[in-house]
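Derivation of every value follows stated rules applied to the coordinates shown; laboratory data play no part. Fair warning: this is a prediction, and the values are worked out from it, not measured in the lab. Don't worry about glycine lacking a Cβ; one is built from the backbone with ideal geometry, like all the others, and counts go over all protein chains shown.
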Amino acid sequence: MSRLLSDLGVELPVLAAPMAGGGSTPELVVAAGRAGSLGFLAAGYKTPAALDEQMRRVRAEGVPFGVNLFAPNPVPVPVDAYARYARAMQAEADRYGLSLSATGPTEDDDDWAAKIDLIVGSPVPWVSFTFGIPDARVVATLRRAGITVLQSVTSAEEADEAARAGVDALIVQGPAAGGHSATLTPDRPLASVSLPHLVARVRSTVTLPIIAAGGIGGPATWRPRCTRGRTPP
Ligand SMILES: Cc1cc2nc3c(=O)[nH]c(=O)nc-3n(C[C@H](O)[C@H](O)[C@H](O)COP(=O)(O)O)c2cc1C
């Protein structure tokens, strides 16, 4: 991993993860780059035009950066399960004057093809994928454009699948990650596993470089368990 980072001039081993929904502003990504880290723009929920504008703003500042995309991985949502969830969330929605009963589940690929075309047409140093693993041809196209391709995974099985798609490196996300899980199977509960243990499992399955993410609270977070010689759960 350190070679991939040093190739970009990144000095810090701590990166600014993508946060869709507004958190990962160009200013944050530029600040991360100036601090010797690497920041990610979050393409999720954005139009291709809005992403293009944010990529231009970061590029103009001359810092390395990445872009994170939601890769399609449709998981059909049963209409009754959706309706139950909408009812459970309605009290929260009322605070914003929204009615959740007006629509049913809708599938949306988050403008996948247009965003890939945009990034291939004006390559960025790193691209990462979350929620789905792209087709090997898409990965190869991005790599031919000089882009380092990363895949978010939450298990050794997903890591193996990502390796077979040809990605350069993995983001191994533990179940304590904030925001949402990158799991490829959101219809199943997440396995309860500590991040160090998950990284070790992935490491024994694939040889790709790894970035660990999720619930990293500080140097002391895992020490008590590990120094007592017990294997974390
Ligand atoms: C508000 C929010 C939005 C997020 N959006 C994305 C996203 O768009 N893409 C992604 O890969 N991860 C996203 N994540 C997950 C983070 O990239 C990262 O994996 C996770 O926050 C790391 O765990 P931590 O929050 O415990 O440090 C988001 C996290 C938060 C808190």
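For the pair the range 1-27 / the range 38-86, the C-alpha centres are spaced 16 Å from each other. The charge dipole of the chain, taken about its Cα centre with unit charges on the Cβ of Lys, Arg, Asp and Glu (plus for the first two, minus for the last two), comes to roughly 920 debye. Per the Debye formula with a single identical scatterer at each Cα and no solvent contribution, what log10 I(q)/I(0) holds for the range 58-182 at q = 0.11, 0.16, 0.20 Å⁻¹? At q = 0.11, 0.16, 0.20 Å⁻¹ the computed log10 ratios are -0.52, -0.90, -1.11.
Here the extension length gained between A35 and M1 equals 10.4 nm, from 0.36 nm per residue of separation less the Cα-Cα distance. Site-free segments of the chain were taken between chymotrypsin sites (Phe, Trp or Tyr not before Pro) in DSSP loops having at most 14 other Cβ atoms within 10 Å, sites themselves excluded; the longest one is 97-233. Summarising the label geometry, the points placed 7 Å from Cα in the beta-carbon direction at R95 and A114 lie 3.2 nm from one another.
Helix-only arithmetic for the chain: the sum of -39500 (n - 2.57) across DSSP H runs with n ≥ 4, divided by the residue total, places the mean residue ellipticity at 222 nm at -10500 deg cm²/dmol. Exposed loop sites are taken as trypsin sites (Lys or Arg not before Pro) in a DSSP loop (any state but H, G, I, E or B) with at most 15 other beta carbon atoms within 10 Å; the longest stretch of the chain without one runs 96-227.
Amide H contacts of A212: V172, each under 5 Å away and 5 or more positions distant or on a separate chain (H built 1.01 Å from N in the peptide plane; Pro and chain starts excluded).
Between T47 and D187, the contour length at 0.36 nm per residue exceeds the alpha carbon distance by 47.7 nm. Annotation for the range 1-87: GluC sites (Glu not before Pro) lying in DSSP loop with at most 12 further Cβ atoms inside 10 Å of their Cβ are E11.
Most mobile of D111, D135, D94 per a Gaussian network model of the chain (Cα springs, under 10 Å)? The residue with the greatest mean-square fluctuation here is D94.
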